[in-house]
Amino acid sequence: MIRINLDVMMAKRKMSLTELAEKVGITMANLSVLKTEKARAIRFSTLEAICKALDCQPGDILEYIPNGEK
Amino acid sequence: MKSINKRNIFILTYSFFNILFGIFIGIMGLSVVLFIYDLFSPRHLFSGFYSLLSKLGISIPLLIPSRIGVTMFATSANYFEIRFFAFFYTFIFFSAVLYSLIKIKFIIKSALVDTPFRSDVCKSVQKIGIILVLTPLILFLVEGFLLFVLLEVRIANKDLSFFLFKAFINWFYYGVVGVFFLAIGNVFESGSQLKQENDLTV
């Protein structure tokens, strides 16, 4: 499975969900879907905007966990 | 502007459908009352909805040829059995129509308020299709039992092969519409899956 470490990066950058949503340009609801790992897919444009806002790499946000371990 | 017009059309359709729904419920209620009334005052051979038609002066044998057999034997000792099966037959038919109408109402309302591409709407469309395919078969069994087992109908142009042919034609008409509804249900299901996929893409 793919784990989303958005909350870890947000905590490192001391950024709130509202602030990140404003910077990325997506709704709070959509960002919440991504953060709670309910999203089925992510657009490259969204990933790029998140990386830009959090000043990080895609690998810092997305992490591959083998065999679906939680 | 476009969305307002679309909404207005939906509201108009929904209102029109509600009027039709009300008329249907009215006819159904009146038929049930007439059924009960006719059961205790056997003045004529028809009951329920057919009684209503006969009161309006509509020729029933012309409308429903299969009733001719029932009419001819209705004076026999099986009077209450005939009434019971006629009631059963009409009850199944009305239930199927009522269920379909309730589901159609739900589909129109869903399209009006939210979107028709939802899993419950898809299931409703598919259920209408199943009802349309199955109801004529159940009615065929009930009518077959009434005519050939209970009444032992054996008259000219009213034999088993004629009955089976008529039943098949009836089933074919409803079956085609039912299969169409099932196909539409599958289209809606695919649409619903695509919408869900799109909603969960950030």
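Remarks
- Theoretical FRET efficiency, 1/(1+(r/R0)^6), r = Cβ-Cβ of A:S16 and B:Q196, R0 30 Å, to 0.05: 0.55
- For chain A: relative contact order, % (alpha-carbon pairs under 8 angstrom, 6 or more apart): 55 percent
- Between B and A, roughly 800 Å² of accessible area is buried in total, ligands, DNA and RNA not counted and the probe set to 1.4 Å.
- Chain A, helix-only ellipticity at 222 nm - DSSP H runs n ≥ 4, -39,500 (n - 2.57), divided by all residues, nearest 500: -14000 deg cm²/dmol
- A DSSP coil position with no more than 15 other Cβ atoms inside 10 Å describes the following GluC sites (Glu not before Pro) in chain A: A:E37, A:E69.
- Accessible area per residue for chain A is 66 Å², calculated with a 1.4 Å probe on protein heavy atoms, without ligands, DNA or RNA.
The values are calculated or read from the model by the stated rules, or taken from the named source; none is laboratory data. A quick note: this is a predicted structure, and the numbers were derived from the prediction, not measured. Virtual Cβ from ideal backbone geometry, glycine too; neighbours counted across all protein chains shown. For accessibility, only protein heavy atoms count, side chains too; no ligands or nucleic acids. Shrake-Rupley method; radii C 1.70, N 1.55, O 1.52, S 1.80 Å.
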